[in-house]
Amino acid sequence: MKPAGHLDPQPWMMADDTRAVLAALRAEGTEVRFVGGCVRDSLLHRPVKDVDIATPDTPETVLRLLRQSGLKAIPTGLHHGTVTAVSDHHPFEITTLREDVETFGRHARVAFTDDWTADAARRDFTMNAMFLAPEGAIYDPFDGLPDLRAGRVRFVGEPAQRIQEDYLRLLRFFRFHAHYGHGAPDADGLRAATAFAPHLVELSGERIREELLRLLSAPDPAPVLRDMLAHGILAAILPEAKLAERLDALVGLERPAGVAGDPILRLAALLETDRAGAEDVAERLRFSRREARWLADLLAPARDVGIGDSGSALRRAMYRLGPELVRDLLLLAAASRKAEGELVDGERLTAALAEVAAWTPRHLPIGGADAQAVGISPGPEMGAALRAVERWWEERDFVPDRAACLAKLREVAERRS
């Protein structure tokens, strides 16, 4: 295989931890190459998160070479050829070249090989099937480099076959297009994705959740999600997803407002449902407890906060709900109005969000001991009295100090006696 290009040394390639792993793997003269995301992202001048390395050596040989060099070696998945090296506390995934002997959906029976092209042929997209030699030579057996430059997410080989090997690749096709694609999705890939969309129900909720949230983390996921809705991709796994216009409006509001895109908020914008429906979505997709609560809180009808709410009304909302939830509710309400064709006052929204960002938590300056001191017994009566003072304090914009709150507490106690 001849090189298809050259990449100048990148900082991550020259880092001491990377060089230590390479030295160990090449100690007996074996040729190793970087593969996957680190190659793709370096070519786009994007930050590299994980470094994956391919080698023709067997996993057992990889383990021996790493340990001989003093590096920690973890047998992550020996049957599938994967070993994890830890160098300076950083993990490196090292995989033996392999080819599929038989596939069973997500799982495959593999045979180890020394054929770089055969290994590339089993990968999902052409932009992920490129290899990079430590000296900078790029090997590109399936024309991933021109696809990457054109923003074209294209399956390696026949899209239908790639998707049938693991139906998650269907969602990955759209996620990669959201992060790396330009224009319309690849026609062959879109056709295959549409045909196999009913099989998405066979995936676990956890795997769907991970892909969906990563898709929603793209700079602008709205166009891709509109395509997914138009072709029935989401119908089987997320029938509540209907409001692409509201998601589009939200994304359009985020940057001018100086707010980073949050995948849970973006999901809430996409869903046409209520709190109970949000809880059902969270259960199906195996959300964490925090994610599930956040999604439900965003879609609870009683918790709408509009950008017309400012000053004391906004501060009361922050006191009750917390500034983070109020921020997201402000954005969601503005996106709803924008999607319905109403004008959104960007300056008012920005001002409201600035007030939310500057919020200092308030704490009622009295408590149970103060209530007992004025003769209120612990229990429901005390709780009711403190809530009455708290409501009074809120209505006065949290201005009354401890002395004023104590006076109000005595007044409440006298009325209840």
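The values are calculated or read from the model by the stated rules, or taken from the named source; none is laboratory data. Being a predicted model, the structure only gives us computed values, none of them experimental. When we count neighbours, we look across all protein chains shown, and the Cβ atoms used for this are built from the backbone with ideal geometry, even at glycine.
At a glance:
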quantity: Pairs, first in contact (Cβ under 8 Å) with a residue 60 or more places away in the chain and within 14 Å of residue 61 (Cα to Cα) in the range 74-86, second of a type in the set (Val, Ile, Thr) and surrounded by fewer than 16 Cβ atoms within 10 Å (Cβ to Cβ), C-beta under 9 Å, six or more apart; calculated: 85/74
quantity: Hits in the range 90-101 (condition: without any contact (Cβ under 8 Å) to a residue 24 or more places away in the chain and either in contact with an Asp or Glu (Cβ under 8 Å, 6 or more places away or on another chain) or farther than 23 Å from residue 116 by Cβ (or both)); calculated: 99
quantity: Failed item in (1) closer than 11 Å to residue 94 by Cβ; (2) outside any helix (DSSP H, G or I), with residue 31 passing the rest; calculated: (1)
quantity: Number of positions in the range 58-76 that are farther than 16 Å from residue 87 by Cβ and in contact with a helix residue (DSSP H, G or I) (Cβ under 7 Å, 6 or more places away or on another chain); calculated: 2
quantity: Unmet requirement for residue 83, which otherwise passes all of (1) among the aliphatic types (A, V, I, L, M); (2) over 22 Å from residue 11 (Cβ atoms); (3) outside any strand (DSSP E or B); calculated: (3)
quantity: Residue 114 over 23 Å from the mean Cα position of the chain (by Cα) and either part of a helix (DSSP H, G or I) or surrounded by 18 or more Cβ atoms within 10 Å (Cβ to Cβ) (or both); calculated: no
quantity: Of all residues making up the range 67-95, the number that are over 16 Å from residue 24 (Cα atoms) and surrounded by 22 or more Cβ atoms within 10 Å (Cβ to Cβ); calculated: 1
quantity: Residue 142 being in contact with an Asp or Glu (Cβ under 9 Å, 6 or more places away or on another chain) and aromatic (Phe, Trp, Tyr); calculated: no
quantity: One residue from 39, 62, 35 being touching a strand residue (DSSP E or B) at 6+ places or on another chain (Cβ under 6 Å) and more than 19 Å from residue 180 (Cα to Cα); calculated: 62
quantity: Matching entry among 98, 154 (being surrounded by 15 or more Cβ atoms within 10 Å (Cβ to Cβ) and farther than 30 Å from residue 26 by Cα); calculated: 154
quantity: Out of 19, 64, 40, 46, sole residue that is modelled with pLDDT of 95 or more, of a type outside the set (Gly, Ala, Ser), exposed (fewer than 14 other Cβ atoms within 10 Å of the Cβ) and part of a helix (DSSP H, G or I); calculated: 19
quantity: Check on residue 286, free of Cβ contacts under 8 Å to residues at least 12 places away in the same chain and either assigned to a strand (DSSP E or B) or more than 16 Å from residue 229 (Cα to Cα) (or both); calculated: no
quantity: Residues that are outside any loop (DSSP other than H, G, I, E, B), over 17 Å from residue 191 (Cβ atoms) and of a type outside the set (A, V, I, L, M), drawn from the range 127-164; calculated: 128, 131, 139, 144, 146, 147, 149
quantity: Number of the condition not met by residue 229 [criteria: (1) part of a helix (DSSP H, G or I); (2) touching a Gly at 6+ places or on another chain (Cβ under 7 Å)]; calculated: (2)
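Yes/no matrix, rows are residues, columns are (1) surrounded by 18 or more Cβ atoms within 10 Å (Cβ to Cβ); (2) over 25 Å from the mean Cα position of the chain (by Cα); (3) in the same structural domain as residue 118 (by TED's automatic domain parsing); (4) more than 28 Å from residue 102 (Cα to Cα):
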{"residue": "142", "(1), (2), (3), (4)": "yes, yes, yes, no"}
{"residue": "146", "(1), (2), (3), (4)": "no, yes, yes, yes"}
{"residue": "170", "(1), (2), (3), (4)": "yes, no, no, no"}
{"residue": "175", "(1), (2), (3), (4)": "yes, no, no, no"}
{"residue": "178", "(1), (2), (3), (4)": "yes, no, no, yes"}
{"residue": "184", "(1), (2), (3), (4)": "no, no, no, yes"}
{"residue": "202", "(1), (2), (3), (4)": "no, no, no, no"}
{"residue": "210", "(1), (2), (3), (4)": "no, no, no, no"}
{"residue": "219", "(1), (2), (3), (4)": "no, no, no, yes"}
